[in-house]
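> Handing you this structure, nothing more for now.
The values are calculated or read from the model by the stated rules, or taken from the named source; none is laboratory data. As the structure is a prediction and not an experimental result, all values here were calculated from the model. Glycine also receives a Cβ, built like all others from the backbone with ideal geometry; neighbour counts cover every protein chain displayed.
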Amino acid sequence: MNYLNYNEGDVLIYPAIILAGGESKRMGQDKFKMKINGKPMIVHVIENLKMAGCNKILIQTKQNKTELEHLLSNFDVKWNYDNSDENDVLKALLSALNYAKNKNWDSVQLMPVDTPFVSQKLIQKLSDLLDENLEVVIPSTNSSKNSPSKGLEPLLSCLKVKPTIKKINENINKKDRRLGKILSEMKCLVVDEKTWSKWGVFEKSFKNINYPNDRV
């Protein structure tokens, strides 16, 4: 089980995939370099993952993100590039998962680049819940229940690589390609707000930074 990492207290943490290739039209600049408390957003994400016990991190991005590579030159991270001109999250995720499969990573923690306040406890607990009877663990929030995702936070899922690749391939050419819908059709555990709040996780963990004013 060399694809797992241990942190203090023998908590098993899976490798992480940071999705950092999307355009940031609403932000007016690339999200990854938006500064929060004087530090680029993606650095907050990486540091939170590492403090949770995750030592293997894959950055999934576009081929032309040389500024991002320079920004993270002092970090020990892996890179995978999405050569598609489309801003297609599903295709980018599939590319990242195939990279993970080739590295013999059985399971991974997904992480969007725009969640700099994500809780270390949440990361640890999701890894802990992904047992042999499940293929994916998805957190959900009450505040987004009326959204198309129906409260699910699929880009914060902890999931098994091979069954997810299979499921995405089955759905990638369908009209309804929502990631939350696809993952919820697998052997899935949804972790609701009542559960994660008992862990000491706050809703700010799930906050996406889409506009400069979202930083506060």
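> Could you tell me which residue of the range 58-67 is farthest from residue 113 (Cα to Cα), considering only residues that are surrounded by fewer than 22 Cβ atoms within 10 Å (Cβ to Cβ) and touching an Asp or Glu at 6+ places or on another chain (Cβ under 9 Å)?
The selected residue is 63.
> Give the number of residues within the range 135-160 that are touching a residue at least 60 places away in the same chain (Cβ under 8 Å) and under 12 Å from the mean Cα position of the chain (by Cα).
Matching residues across the range 135-160 total 3.
> Another question, then. Is it true that residue 141 is farther than 15 Å from residue 17 by Cα and touching a Phe, Trp or Tyr at 6+ places or on another chain (Cβ under 9 Å)?
The answer is yes for residue 141.
> Hey, could you check the range 148-183 for residues that are in contact with a Pro (Cβ under 8 Å, 6 or more places away or on another chain) and of a type in the set (Gly, Ala, Ser) and say which is farthest from residue 130 (Cα to Cα)?
Within the range 148-183, the match that is farthest from residue 130 (Cα to Cα) is 180.
> Scan (1) in contact with a Lys or Arg (Cβ under 6 Å, 6 or more places away or on another chain); (2) modelled with pLDDT under 95; (3) of a type in the set (A, V, I, L, M); (4) within 21 Å of residue 179 (Cβ to Cβ) for the single condition residue 89 breaks and write down its number.
Status for residue 89: all satisfied but (1).
> Out of (1) out of contact with any strand residue (DSSP E or B) (no Cβ under 9 Å at 6 or more places or on another chain); (2) surrounded by 13 or more Cβ atoms within 10 Å (Cβ to Cβ); (3) at pLDDT 95 or above, the odd one out for residue 49 is which?
(1)
> Taking only pairs six or more apart or across chains, which ones have beta-carbon atoms under 8 Å, a first residue in the range 189-205 that is more than 15 Å from residue 129 (Cβ to Cβ) and modelled with pLDDT under 95, and a second residue that is hydroxyl-bearing (Ser, Thr, Tyr) and assigned to a helix (DSSP H, G or I)?
Close Cβ pairs (under 8 Å, with a partner that is hydroxyl-bearing (Ser, Thr, Tyr) and assigned to a helix (DSSP H, G or I)) amount to 203/143.
> Please enumerate the residues belonging to the range 164-178 that are aliphatic (A, V, I, L, M) and at pLDDT 95 or above.
165, 168
> Moving to a separate point now. Filter the range 104-130 for residues that are hydrophobic (A, V, I, L, M, F, W, C) and not in a helix (DSSP H, G or I); which is farthest from residue 156 (Cα to Cα)?
Keep residues of the range 104-130 that are hydrophobic (A, V, I, L, M, F, W, C), which gives 105, 108, 110-111, 113, 117-118, 122-123, 126, 129-130.
So of that shortlist, the ones also not in a helix (DSSP H, G or I) come out as 105, 108, 110-111, 113, 117-118, 130.
Details: 105: 17, 108: 10, 110: 5, 111: 5, 113: 11, 117: 12, 118: 9, 130: 13 Å.
The extreme case among them is 105.
> I've got another one for you. Report the residue count in the range 61-103 for those that are touching a Phe, Trp or Tyr at 6+ places or on another chain (Cβ under 8 Å), under 20 Å from residue 157 (Cβ atoms) and in contact (Cβ under 8 Å) with a residue 40 or more places away in the chain.
2
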